[in-house]
Each structure stands twice: as C-alpha cells, then as structure tokens.
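Here's the structure, in structure tokens; my notes come after.
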2 protein chains.
Amino acid sequence: MPSNRQEVENNVKKQEIRDSARQMFLAFGYEKTSLAKIAKHAGVTANTIYWYFKSKEELFASVVEEIIQAFLTAFKTRKSESLRDNILWVISVLEVSRAFIVTIHEKSRTSQVIADVHQSFHDSLAEISEAYLLEKEMKPTEIKPYITLVGFVIEGILMHELDEKEKNDIVSLLEV
Amino acid sequence: MPSNRQEVENNVKKQEIRDSARQMFLAFGYEKTSLAKIAKHAGVTANTIYWYFKSKEELFASVVEEIIQAFLTAFKTRKSESLRDNILWVISVLEVSRAFIVTIHEKSRTSQVIADVHQSFHDSLAEISEAYLLEKEMKPTEIKPYITLVGFVIEGILMHELDEKEKNDIVSLLEV
DNA sequence: CTGTGCTCTTGAATGGCAATCAAGAGACAT
DNA sequence: ATGTCTCTTGATTGCCATTCAAGAGCACAG
C-alpha cells in the first residue's frame with residue numbers, strides 16, 4: 001500500500017539498477033564490476049544503490065534470482081520433449097548467463113543469501129525433473145543421483161569452453 | 001647458479017610463503033584472504049611477498065600448481081584399479097583442496113596464469129585417462145567425451161556438499 | 001497553507017585492500 | 001672498501017564497499 005506516488009516508481013528504479021547490474025556483472029564479472037560502474041550505467045549515484053539493496057552481494061543475489069525465476073517459468077512450460085532435447089534446451093537457455101554459474105558457487109560459500117538462492121534452484125530443478133523421469137519410467141532409486149549427475153554435467157558444460165560437437169557428444173553419453 | 005648464499009635460501013622462504021598462502025586461502029577463501037594476512041602467518045611483511053610473486057593471483061596460481069603437480073604424480077603411480085575405484089580415489093585426494101576448485105574456475109576467466117594452469121591440468125588428466133581407457137577397451141570415439149564428462153562430475157561432486165552415499169550413487173552411474 | 005514525516009538522493013567520510021615506490025640492509029666478489 | 005646483487009621494509013597511491021549525515025521532494029493532517 002504505497003503512501004505516495006514515489007513508492008510506486010520505486011520498483012521501476014530498482015529494476016533499472018538490477019538491469020544495469022546484470023549487464024555489468026555479465027560483461028566484466030562480479031569482482032571487476034564496481035558499484036560505481038553499475039550506478040553510472042543506471043544513471044544514479046553509487047550511494048543510491050544502497051537504498052534499494054543492502055549490499056553488492058544482495059544486488060547480485062537479486063540479479064541471479066530474477067534469472068532463475070525466468071528460467072524455471074520457461075522450464076515448467078516445456079517438459080514433454082525427449083530427455084536429450086530437454087538437456088540441450090537447458091544448456092542453450094542458460095548459455096547467456098554462463099558467466100554467473102561460477103560466481104554463484106564461489107559466493108555460496110561466504111554469502112547466505114546466495115547460498116539460499118543457489119540451493120532453491122537445485123531443489124526446484126530436481127522436483128520438476130523427478131516427475132518427468134518417473135513418467136519416463138526410470139528406476140525410482142536411480143532418479144535422484146541421476147538428476148544430480150545431469151546437473152553437474154550441465155554446470156560443467158556451461159563453465160568450460162566447449163564447441164557444439166563436444167557438447168553433443170557429452171550429452172549423448174547421458175542417455176540411459 | 002646462485003651468486004651468493006642468500007639465493008639458496010630464497011626458495012625456502014618462497015616455499016614458506018606458498019605454504020602460508022595455501023593454508024589461508026583454504027581456510028578463508030581467495031577474496032577474504034589479504035596479502036597482509038598471509039604475510040603475517042609467514043612471518044614477513046606484505047611487501048616481501050611481492051619480491052617472490054608478481055601478484056596475489058600469481059601467488060594463488062603457484063599454490064594451485066603445486067597441488068596439481070602433487071596430484072598428478074600420485075595419479076600416475078596408480079592406474080590399474082577399477083574405474084570406479086580410480087574415480088573415488090581422485091575425489092578423495094582432491095577433497096582437501098575442494099575449496100580451490102571454484103576459485104580456479106572463477107579466476108580462469110580473468111587471469112591468464114590461472115587459466116593456463118587449469119587447462120594444463122585438464123589436459124594431463126585426459127592424457128593419462130585416455131591410455132587407461134584404451135586398455136579397458138572402451139570405444140575410441142567415446143573416450144574423449146567420456147573423460148570430459150567424468151571430469152565434470154568429479155568437479156561437481158567436489159564443488160557441492162554431498163554425503164558419502166550420494167557420491168557413491170552418482171559414481172555408480174558413471175560405469176559403462 | 002504550513003508544518004511534520006516519509007521516501008528517496010547525495011557528498012563526504014572511513015577503513016581495507018592490492019599494488020607501487022623509494023630507500024635501504026646484508027652478503028658476496030673484486 | 002667499494003660496488004653489486006639479493007632481499008626487506010615503510011610510506012604512498014588509488015580503488016573499492018560501505019557508512020554517515022544532511023538534505024530534497026512529496027503527501028497528508030491540522
């Protein structure tokens with residue numbers, strides 16, 4: 001319940017900052033992106049960021065959360081393709097954000113916020129995939145480790161520089 | 001060819017700094033370990049480190065290289081166990097250094113030195129494993145992607161917090 | 001139509017850090 | 001004893017995240 005018009009605009013500017021942050025983080029990496037740089041890109045002062053976000057880490061967590069939400073929404077509306085196509089689709093969608101994957105893991109060890117976002121991503125993904133693999137009649141005891149394994153392979157593919165053929169060959173090995 | 005006694009001692013102190021660095025990096029992580037902290041632990045001034053290493057990143061690269069060399073030496077003198085045992089062995093040996101894995105990948109994107117160390121590690125590992133898998137009569141075309149895949153799974157296991165059962169179940173899925 | 005309070009913005013610190021600089025101290029070779 | 005090389009250090013620089021203190025714009029109550 002906004003007490004004045006300003007608060008309505010609040011979210012607009014917050015989103016602008018988030019957008020700038022995402023672009024800068026992607027282009028230069030977390031460490032090499034200063035808040036001053038993000039602020040300049042967003043057309044505000046560095047201090048202003050602190051009104052909307054508690055810290056650089058929370059800003060990053062917020063950016064990541066947005067990406068994850070968008071991904072999960074898209075992922076839920078898909079499902080019924082072949083396993084192989086699903087995996088390749090996940091890889092191609094996350095491709096643009098691949099620079100974040102390492103940073104998320106790095107920050108997860110020192111930042112609770114990011115660890116939470118990271119964990120809940122893995123959980124959501126596992127939940128969706130489990131239903132899918134049950135339909136495909138995979139042995140129930142194998143489902144959980146298989147999901148984890150596929151997750152690791154996807155992360156690996158995204159974290160390393162591979163060409164299309166290499167990706168395809170690796171994904172082929174994942175078929176049961 | 002040392003021109004005086006000091007230069008003989010050189011490597012001793014350099015090694016002391018490297019040792020301190022390894023311990024501090026492992027305990028606190030790369031970002032949260034300042035050169036001052038390493039220096040204090042090694043009983044020198046922060047500036048002294050710069051005489052032995054060009055930068056914090058090079059110091060880190062040196063630490064990583066030492067670990068990798070030790071690992072590769074141990075790995076080469078093993079080999080003839082079952083595939084499963086070899087994979088589990090690699091995981092258990094790298095376990096103590098698991099905190100580094102993420103940092104190596106993170107730094108690889110901005111630091112040439114670390115990217116090189118990282119790349120040569122993957123290469124060495126692939127080379128050793130290829131010979132091993134040929135002996136085991138794996139189809140030659142499948143060997144390369146398989147090695148890469150196993151590498152990604154090992155990295156994944158080390159990067160995430162898993163209990164023994166989860167690890168074993170995942171490694172079981174890797175058997176051909 | 002004025003004062004009070006809320007949302008938002010900013011300039012100016014603060015403290016920490018990696019990296020550089022300039023000045024030396026100690027050991028050796030001549 | 002002198003110059004040179006190895007090594008060490010205090011002081012400095014410049015960047016950065018974060019905090020602080022002061023305000024500006026707006027809305028609503030009286």
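All told, B:Ser82 meets the bar of being over 30 Å from A:Phe28 (Cβ atoms) and more than 19 Å from the chain's Cα centre (by Cα). B:Gly29 - would you say it is open to solvent by less than 20 Å² (accessible area, probe 1.4 Å) and either within 11 Å of DNA strand D (Cβ to nearest atom) or within 14 Å of another protein chain (Cβ to nearest Cβ) (or both)? Yes; evaluated as a whole, the condition is true for this residue. For A:Asp19, the conditions (1) away from DNA strand D (no atom under 16 Å from the Cβ); (2) exposed (fewer than 13 other Cβ atoms within 10 Å of the Cβ) are fulfilled apart from (2). If you go through the range A:126-150 and keep only what is open to solvent by 40 Å² or more (accessible area, probe 1.4 Å) and over 19 Å from B:Ser172 (Cβ atoms), you end up with A:Glu127, A:Ala131, A:Leu134, A:Glu135, A:Lys136, A:Glu137. Within the range B:158-169, being facing chain A (nearest Cβ under 7 Å), open to solvent by less than 60 Å² (accessible area, probe 1.4 Å) and within 20 Å of B:Ala99 (Cβ to Cβ) holds for one residue alone: B:Met159. Restricting B:Ile143, B:Ile147 to those that are assigned to a helix (DSSP H, G or I), over 18 Å from A:Met159 (Cα atoms) and more than 9 Å from chain A (Cβ to nearest Cβ) reduces the list to B:Ile143.
Only one entry in A:Thr110, A:Thr48, A:Thr73 is in a loop (DSSP other than H, G, I, E, B) and either among the hydroxyl-bearing types (Ser, Thr, Tyr) or in contact with a Cys (Cβ under 7 Å, 6 or more places away or on another chain) (or both), namely A:Thr110.
The values are calculated or read from the model by the stated rules, or taken from the named source; none is laboratory data. Just so you know, these numbers come straight off a predicted model, no measurement behind them. In this analysis, Cβ positions are derived from the backbone assuming ideal geometry, glycine residues included, and neighbour counts consider all displayed protein chains. For accessibility, only protein heavy atoms count, side chains too; no ligands or nucleic acids. Shrake-Rupley method; radii C 1.70, N 1.55, O 1.52, S 1.80 Å.
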